1. Averaging sequence separations of C-alpha pairs under 8 Å and six or more residues apart, then dividing by the length of region 87-200, give the relative contact order as a whole percent.
2. What angle, in degrees between 0 and 90 and rounded to the nearest 10, separates the Cα long axis of helix 291-319 from the longest principal axis of the Cα atoms of the chain?
3. Can you give the net charge of the other residues whose Cβ lies under 11 Å from the Cβ of Tyr318, counting K and R as +1 and D and E as -1?
4. Quick one: P(r) of region 71-163 from all Cα-Cα pairs, 5 Å bins, percents rounded to integers, in order of increasing distance.
5. Determine the alpha carbon to alpha carbon distance for each of Lys332/Lys382; Lys116/Lys202; Lys117/Lys202; Lys161/Lys202 and list only those over 20 Å.
6. Between the helical axis of 242-278 and the dominant principal axis of the chain, each derived from Cα atoms, what acute angle in degrees is found, rounded to the nearest 10?
7. Mind jotting down the distance between the C-alpha centroids of region 321-398 and region 192-220, whole Å?
8. Rounded to the nearest 10 degrees, what's the angle between the helix 361-373 long axis and the longest principal axis of the chain, both from Cα atoms, 0 to 90?
Amino acid sequence: MARRMDTYLASLVGEDRYSFYEVACDFAKTEIAPKLLSWEREHIHVPDDAIAAMAELGLFGLTVEEGYGGQGGGLTELVLMGLALGYHSQSVAITPGAASSLGTKPLQLFGNEAQKKAHLPALAAGERMFVFGLSEPGRGSDAANPEVTAIPIQDGGWILKGEKCWSTNAKWASHVVVHALTEPDGRPGHRSTCFIVPMDAKGVHYQEMAGKEVWLQSSTGSIAFDGVRIKDDAILGERNEGFKVMVTTLNGGRLFIAALSLASLGFALDKCRQYAQERIQFENQPIGRFQRVQDVLLDMDIALHQNLTWLFRTLEDYETGRMARETAAKVKIECSRRASDLMTMAMEICGGVACFDEFELIRHFRDLFVCRVGEGSNFALKTMCTRSLMPDIGKILQ
Ligand SMILES: Cc1cc2nc3c(=O)[nH]c(=O)nc-3n(C[C@H](O)[C@H](O)[C@H](O)COP(=O)(O)OP(=O)(O)OC[C@H]3O[C@@H](n4cnc5c(N)ncnc54)[C@H](O)[C@@H]3O)c2cc1C
């Protein structure tokens, strides 16, 4: 049975892009899918040899310009990779996904030429990885006012103190882009600066966050800064404009999270329609003959088709610089809530088998929750998107 998602993608992207998607699908099917269950049961992150294989395939350099050693693609290619790998495992897909959309992207958007030359070739080759240091234990949705501080010192440079958390890919990181308070009395949104900080700098301490039950193969770390000395050339973008660096980066990241949501939905739809034809109950009838089961399958199919179409339409606007910030947030909200709501129904029509890891739906059920809260929780993003609907009270909505 052909994958339903492929049918829709074939009409949404051109031949070259579809060929790339097929290569990524083959890789995921042969190199990732057969190993997932044992990785999960053994509680291991994406192993080094799998990361090396992804690097070999060029997955870390998809969005990096050819002049810096990358593949010269854009977010559309990254999203296609996310759909191909995320169909089996969001947590494997997010590894090269976040490396590009959250790690490399701020450097591409705001880095100076010296910074780009110093890092982009190694990032594209998968030899280095940047992580996105926005969230903190006390600052999630309220990210504009970090508790991590960077205090200027007299002979030049800065001292960094505080802690970032939930940093995806922290285990493999060579550098972290730290969003730190530099101008406490500045205007809202103009109080912070971003710094590129090596993970091996004195005073940087990484710890994997224990007990995470989602995105099992992804590394999620806390990174503490204990009086770390950094130089001025570590500043990414403009001084006191760090929040702009972070929120601009998140526009693309949110579309990637939308893609992971649809990858899970696509997987669930294929799994359920196969099961609905094979599972026999009540005098030799496949459960697919029951209207309630058909109802769920069709809702999933409509949601997949509709949201893939919206996602790829939005990607066109993103690539040409015409996408409104709100649109990325809305696409992320809609894809993640629709996919996770339907996933509950998908599990229900599969019954008892859906509770077991071998059946694989439970993985996507868990991982879809991250899509609702990651890169801006859906509720907080709704508040943001509501501002333009009610401009008279928009300014007081936080
Ligand atoms: C697996 C994983 C990976 C992550 N990776 C990264 C990463 O690489 N880098 C990084 O910086 N962060 C990362 N995050 C953090 C993630 O972006 C935050 O969890 C998210 O921004 C929400 O912040 P919070 O969890 O502190 O929730 P809070 O801000 O405490 O919000 C809790 C809830 O309160 C409500 N709420 C809060 N504010 C509003 C509002 N304005 N309007 C309406 N409702 C509101 C919402 O229901 C929200 O879900 C990751 C998180 C997870 C779980």
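1. After rounding, I find 24 percent.
2. 30 degrees
3. Result for the neighbourhood of Tyr318: +1.
4. 3, 11, 15, 17, 19, 16, 10, 5, 2, 1, 0
5. Flagged as over cut-off: Lys116/Lys202; Lys117/Lys202.
6. 10 degrees
7. With region 192-220 and region 321-398 each reduced to a Cα centre, they are spaced 24 Å.
8. Tilt of helix 361-373: around 40 degrees.
Here, each number is a calculation from the coordinates, and none is a lab measurement. Because the structure is predicted, anything quoted here is derived from the model rather than measured. Every residue, glycine among them, receives a Cβ derived from its backbone with ideal geometry; neighbour counts consider all protein chains shown.
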